[in-house]
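Chemist: Below is the structure I would like to discuss, written out as structure tokens.
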Amino acid sequence: MHSENSWPDALTQSSIENWQIGGFGLYVHWPFCEAKCPYCDFNSHVVSHIDQSRWARALADEIRRAGAETPNRVLGSIFFGGGTPSLMTAETVLTVIEAARDCWTFANDIEITLEANPRSVEVRRFEGYARAGVNRVSLGVQALRAADLKRLGRLHGVDEAKTALGVARSVFERVSFDLIYARQNQTLDDWRVELGEALDMAVDHLSLYQLTVEEGTAFWDRARAGGLRGLPDEDLAADMYELTQDLCSAAGYSAYEVSNHARPDAQSRHNLIYWRYGDWLGIGPGAHGRLGTGEQRQATVAWRQPGRWLERAEAGSGLESRTTLELVDQAGEYLMMGLRLDEGLDIGRLHRMNPTVGRAEAVAEMIDLDLIMREGPVLRTTAKGRLVLNSVVAELMP
């Protein structure tokens, strides 16, 4: 464990294994929401007042501290996640982007994404975000059925979501939106029709997630009390997943990652940094980062509670901890991330981290079971393997 009060030392030497291969990005966590959704296990908090200028200064200061220790890099993406980043003012967003521009060279095609809720009060901010530099928006639609939106705790309606999508299309060239399926009482035909509607509205990217009941959420408590009825069984959920792949592929949206579908060249560049195991800075409450040079790689974690993070950031650093990852842990993370991608991972790079991860005997066994395939240096999951990805990863670990 290293000092909690500083960013990693200068990370500019021999970084070919990290940011020059996988890319370099900045994740900014905005922890505030209007309401806590019952399925959400993210670090989000409902508050009545936000001092936007104070938060903007603290985020910018954190970025500049990190930038002083990661010089001479090209920044490929900025992602405003949350929480609900569309509760940020355009001025706050601009302050963060300008701080990043002060620290790094922006890639010519830098992707700057902001997650947004389809609420009319937030949609009115879109033009201000675009002027600040945001060039991609990701809308949290989640469902196209009024009853399901209510069950999911969403504050917007179906018409409001469609209007927001239309506004987003008029302001931003790149637009994504999320849907959750395998919901309560949802049939396969229900999802077929709803996904068809979504594909008709889509611009270039869709994130399609199966509903999961995570510990620490209201849904988890409700399920334990026997009050969360009507969830699909494993077979129906698998059928919904396969239907999702078929319909998206037929519409020209390839499944470049387990839950993400895009038209050609419209993949989320920021998320690709994670899955390709590049480097990223995590700024804001609870944000995680990965930074390294060559074999050295650190995991950073910011203070989770917003008030605590703000106080610590203003005092000199919002980081709670920084840990040097062992090579076997790096290899495990790369394996888990890379096998989510349709393009797979580089087994040579994996074995340079640790040769016991993805050893030949385990790979051969997974190939025999038609769960993974190997094409030269590339290892990737099959369609069958994606359905049991966690088990595949476990079998390939030492």
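Chemist: Condition first: on the phi < 0 side of the Ramachandran plot, open to solvent by 30 Å² or more (accessible area, probe 1.4 Å), under 26 Å from the mean Cα position of the chain (by Cα) and among the aliphatic types (A, V, I, L, M). Can you find one or more residues in segment 332-345 that meet it?
Modeler: yes
Chemist: Just checking, how many residues over segment 148-158 are out of contact with any helix residue (DSSP H, G or I) (no Cβ under 9 Å at 6 or more places or on another chain) and modelled with pLDDT of 95 or more?
Modeler: So the answer is 0.
Chemist: Can you name the residue in segment 260-295 that is polar (S, T, N, Q) and touching an Asp or Glu at 6+ places or on another chain (Cβ under 9 Å) and, of all such residues, is nearest to residue 110 (Cα to Cα)?
Modeler: The residue in question is 268.
Chemist: Of all residues being over 16 Å from residue 190 (Cα atoms) and of a type in the set (Gly, Ala, Ser) in segment 238-253, which is surrounded by the most Cβ atoms within 10 Å (Cβ to Cβ)? Just the residue, please.
Modeler: Within segment 238-253, the match that is surrounded by the most Cβ atoms within 10 Å (Cβ to Cβ) is 251.
Chemist: Restricting attention to segment 41-58, report how many residues are modelled with pLDDT of 95 or more and within 29 Å of residue 152 (Cβ to Cβ).
Modeler: Adding up the residues that qualify gives 2.
Chemist: Here is a follow-up. Cβ-Cβ under 6 Å, sequence separation 6+ or interchain: first residue in segment 87-104 and closer than 16 Å to residue 71 by Cα, partner open to solvent by less than 30 Å² (accessible area, probe 1.4 Å) and not β-branched (Val, Ile, Thr). Which pairs?
Modeler: Within 6 Å, the pairs are 99/60; 100/26; 103/67; 104/73; 104/75.
Chemist: Of all residues in segment 312-361, which are closer than 30 Å to residue 57 by Cα, in a helix (DSSP H, G or I) and of a type in the set (A, V, I, L, M)?
Modeler: Answer for segment 312-361, where residues must be closer than 30 Å to residue 57 by Cα, in a helix (DSSP H, G or I) and of a type in the set (A, V, I, L, M): 313, 315.
Chemist: Are there any pairs with C-beta distances below 9 angstrom linking a residue in segment 342-357 that is under 8 Å from residue 378 (Cα atoms) and of a type in the set (A, V, I, L, M) to a residue that is open to solvent by less than 10 Å² (accessible area, probe 1.4 Å) and in a strand (DSSP E or B), with the two at least 6 apart or on different chains, and if so which?
Modeler: Every condition considered, the pairs that remain are 345/379; 347/379.
Chemist: Just give me the residues in segment 74-105 being among the aliphatic types (A, V, I, L, M) and touching a strand residue (DSSP E or B) at 6+ places or on another chain (Cβ under 8 Å), in sequence order.
Modeler: Result: 74, 75, 78, 87, 88, 93, 96, 97, 100.
Chemist: Any residue that is of a type outside the set (A, V, I, L, M), farther than 26 Å from residue 395 by Cα and under 21 Å from the mean Cα position of the chain (by Cα) - is there at least one of those in segment 292-299?
Modeler: yes
Chemist: Next question, about the same structure. Within segment 204-226, work out how many residues are free of Cβ contacts under 8 Å to residues at least 40 places away in the same chain and over 14 Å from residue 39 (Cβ atoms).
Modeler: Here the count works out to 3.
The values are calculated or read from the model by the stated rules, or taken from the named source; none is laboratory data. None of the values given here were measured: they were computed from a predicted structure. Neighbour counts run over all protein chains shown; Cβ positions are idealised from the backbone, glycine included. These accessible areas exclude ligands, DNA and RNA; they are computed on the full protein's heavy atoms, side chains included. Shrake-Rupley method; radii C 1.70, N 1.55, O 1.52, S 1.80 Å.
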